[in-house]
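Have a look at the structure below before the remarks.
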Amino acid sequence: MRYEEARDDLINYYKANSRQTKKLEGRIKLHLTPFFAHRRMAEINGALVNAYIAARLQSGAKPGTINRELAWLRQMYSLAIKAGKLMTKPHISLLREDNARQGFFEYDQFQAVLRELPDDLAAVVRAAYYTGWRKDELLTLRWHQVANGQLRLERSKNGEGRVFPYAQIPELKAVIERQRALHEDLVKGGRICSHVFHRNGVPILSMGKAFKAACRRAGVPGRLIHDFRRTAVRNLELAGVPRSVAMKLTGHKTASVYQRYAIASNADLEVGARKLADLHRVTHAVTLGS
């Protein structure tokens, strides 16, 4: 079995399971294929993988980026073994990642960015702020997934479904109701768009450049849309939502990943210290009184 066959099997697996393949195919074409092309899968060993890692590091790729590519290579082997095309696979170790982002939005920063965005993109950002859902999950959300005051995903990045009761949050409910009104206007005009978030009836394919420019004008340059995922986790923590429930809302499958997103600002730490001081004062008062 040659690399090309394993690569195509991986891409077909993603398509068969309704997963996005644009990024996968692009990155594989640019990096994995030039290095491993025409090789038999059985001859790809740890030494060759290490040579790939060294070449990617030398080109300036970050450990996290390389790990995504190595994960795809490992998945090629797993699929081949399941299909009976290979018997064994090489040991492929991932690199240590120390590049976890720490960014999140305070409420006033969130509002400042909204003011710099057109209405169609501002609606997506509002939904991201309150739900913590990934950008692609929101941009591909369709109206059959909105019912009974809930947003529903049949399958997310971690392979599981998800439910978010949007009607419980007035600001988020207003966003969905506005999008529904726009949808109904399109239908009256004889146009059909099944996407909840769109631009004049056309699905939004990309918003990265516009968001980056809006952040720069709002005084928070360098922020990512994905930072709203960290923001939502932090807000859930501050609200005292049980972690098991919060993970279901945001779609974090493991507690370790969720905890990495639970970032505390200096202001949060000060609030925590004050609450601790209040507890000590009450405790001391009770002790002295007795």
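The values are calculated or read from the model by the stated rules, or taken from the named source; none is laboratory data. These numbers come from a predicted model, not from an experiment. Note: ideal-geometry Cβ built from the backbone for every residue, glycine included; neighbour counts use all protein chains shown.
Please identify the pairs in which a residue from segment 1-13 that is small (Gly, Ala, Ser) has its Cβ atom under 7 Å from the Cβ atom of a residue that is in a helix (DSSP H, G or I) and at pLDDT 95 or above, counting only partners at least 6 apart or on another chain.
Ala6/Met41; Ala6/Met76; Ala6/Ala80
List pairs: first in segment 143-157 and assigned to a loop (DSSP other than H, G, I, E, B), second modelled with pLDDT of 90 or more and basic (Lys, Arg), Cβ under 9 Å, 6+ apart or cross-chain?
So the pair list comes out as Gly149/Lys173; Ser156/Arg134; Lys157/Arg134.
Before we move on, is Arg229 out of contact with any Pro (no Cβ under 8 Å at 6 or more places or on another chain), over 21 Å from Ala112 (Cβ atoms) and among the basic types (Lys, Arg)?
Taking the combined requirement at face value, the residue does not satisfy it.
Just give me the residues in segment 178-229 being under 24 Å from Gln109 (Cα atoms) and without any contact (Cβ under 8 Å) to a residue 40 or more places away in the chain, in sequence order.
Scanning segment 178-229 gives Ser206, Gly208, Lys209, Lys212, Arg216, Pro221.
Hey, any hits in segment 37-47 for a residue that's outside the structural domain of Leu224 (by TED's automatic domain parsing), within 20 Å of the chain's Cα centre (by Cα) and not in a helix (DSSP H, G or I)?
no
Mind telling me which of the residues Lys82, Lys62 ends up being among the charged types (D, E, K, R), closer than 21 Å to Leu30 by Cβ and free of Cβ contacts under 8 Å to residues at least 40 places away in the same chain?
Testing whether each residue is among the charged types (D, E, K, R), closer than 21 Å to Leu30 by Cβ and free of Cβ contacts under 8 Å to residues at least 40 places away in the same chain leaves just Lys62.
Would you mention how many residues in segment 7-41 are among the aliphatic types (A, V, I, L, M) and touching a Lys or Arg at 6+ places or on another chain (Cβ under 8 Å)?
Summing the residues that are among the aliphatic types (A, V, I, L, M) and touching a Lys or Arg at 6+ places or on another chain (Cβ under 8 Å) in segment 7-41 gives 3.
State all residues of segment 203-242 that are exposed (fewer than 15 other Cβ atoms within 10 Å of the Cβ), in contact with a helix residue (DSSP H, G or I) (Cβ under 9 Å, 6 or more places away or on another chain) and part of a helix (DSSP H, G or I); if no residue qualifies, say none.
Result: Gly208, Arg217, Leu238.
In the set Ala127, Ala123, Ala112, which member is crowded, with 17+ Cβ neighbours inside 10 Å and in contact with a Gly (Cβ under 7 Å, 6 or more places away or on another chain)?
Checking each option against the conditions leaves just Ala112.
Could you identify the single residue in Leu48, Leu79, Leu57 that is of a type in the set (A, V, I, L, M) and closer than 14 Å to His91 by Cα?
Only one candidate qualifies: Leu48.
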